[in-house]
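Notes for the one structure printed next.
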Amino acid sequence: MKFWQKSLVSLAIAASLSPMAMAKTVETVASFSVLGDIVKQVGGEHVNVNTLVGPDGDPHTFEPAPKDSVAIKKADVVFVSGLGLEGWLDRLVKASGYQGDIVTASTGVSTRKMEEDGEVITDPHAWNSAKNGEIYARNVMEALIKADPEDADYFKKSGEAYIAQLAKLDEWAKQAFAKVPVEKRKVMTSHDAFGYFGQEYGVKFLAPVGVSTESEASANDVGALIQQLKDEKISAYFIENQTDPRLVEQIAKASGAKNGGELYPEALTAKGGEADTYVNAFNHNVETMLASMK
């Protein structure tokens, strides 16, 4: 065997033994920042995540740009939350020509129904319960294993560790709120995004606007909410990073409620912010609400 042939064989053997030789990066698109972070946490070094609705962005009112269509076209997997959150997505996928898998991360969640404007709708904000976050993470893990079976062990190890972390968060939140008297577990937020959270952790939420930030509150609705806040002695209100705070501030002023801080129900902060991951956002939301109930 000639020297150059031996060199090629040696290189081939070395490459086959290298742990990075078969490493694959799964190109993914996630519909909004919370879901994008879950994909990053599970996928680690084996995923590249392009998030459509970025930090502090509102997934209800998002308007896609041409670059979003290009990102979807190039993706191996597209992750969405589902339950009606991304009303703009079907048109975007169709325009992109994407033919791959669209994974609905909320599959398996016990959905919450509610009436809004005389119509029964599904609340899309399922991830605000850490228990549901575990379901999201498991669906993401299984989708990544399907997309890149050679790295299945990596995804399983990373995914199971992350799911265990979310399970601890869920239990911590339940225990923390259980120590607060029921009559104090009441808060007002900008829109009805914490239904699953309230259901899981025994907190009552009031909001002037429904599940979508595109909704508008009537004068009668606002008046009734102000009276309810007074009747139920709700002393704290919260603004949300992705919504206009003026309406909730107006209602709070009329009712006497004080500013309890900022919550992050459906958009993370930029990297380095206090809610730059799903875990950090959940932690912050729980601790901020608890502080207002003391």
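Values in this text are rule-based calculations from the coordinates and carry no lab data. In this text, all values refer to a predicted model and were calculated from it rather than measured experimentally. Don't worry about glycine lacking a Cβ; one is built from the backbone with ideal geometry, like all the others, and counts go over all protein chains shown.
Gain on full extension, evaluated as 0.36 nm per residue between E115 and D231 minus their Cα-Cα distance, stands at 39.5 nm.
Each of K253 and D153 was given a label point 7 Å from its Cα along the Cα-to-Cβ line. The distance between the two points is 6.3 nm.
A Förster distance of 22 Å, applied to the separation of the beta-carbon atoms of N280 and E171, puts the FRET efficiency at 0.80. Placing pseudo-labels 7 Å out from each Cα toward the beta carbon at T122 and D56 gives an inter-label distance of 3.2 nm. Each part reduced to its alpha carbon centroid, region 122-149 and region 103-119 end up 15 Å apart.
Shown in residue order for region 159-164 are the 3J(HN,Hα) couplings computed by the Karplus curve 6.51 cos²θ - 1.76 cosθ + 1.60 at θ = phi - 60°: x, 5, 5, 5, 4, 5 Hz (x for Gly and Pro).
Remark: region 125-137, residue by residue, has Karplus-estimated 3J(HN,Hα) of 8, 5, 5, 6, 9, 5, 4, 6, x, 4, 5, 4, 5 Hz, where x stands for each Gly or Pro and the curve is 6.51 cos²θ - 1.76 cosθ + 1.60 at θ = phi - 60°. Summarising the amide proton neighbourhood of A30: residues at separation of 5 or more, or on other chains, whose placed amide H is nearer than 5 Å comprise N50, T51, L52, F79. Counting only the backbone N, which residues of region 180-206 are under 19 Å from the spot 7 Å out from the Cα of E287 toward its beta-carbon? From region 180-206, the list is 180.
Only lysines eight or more places from K184 in sequence, or on another chain, were considered; those with a Cα closer than 17 Å are K174, K204, K230, K233, K258, K294.
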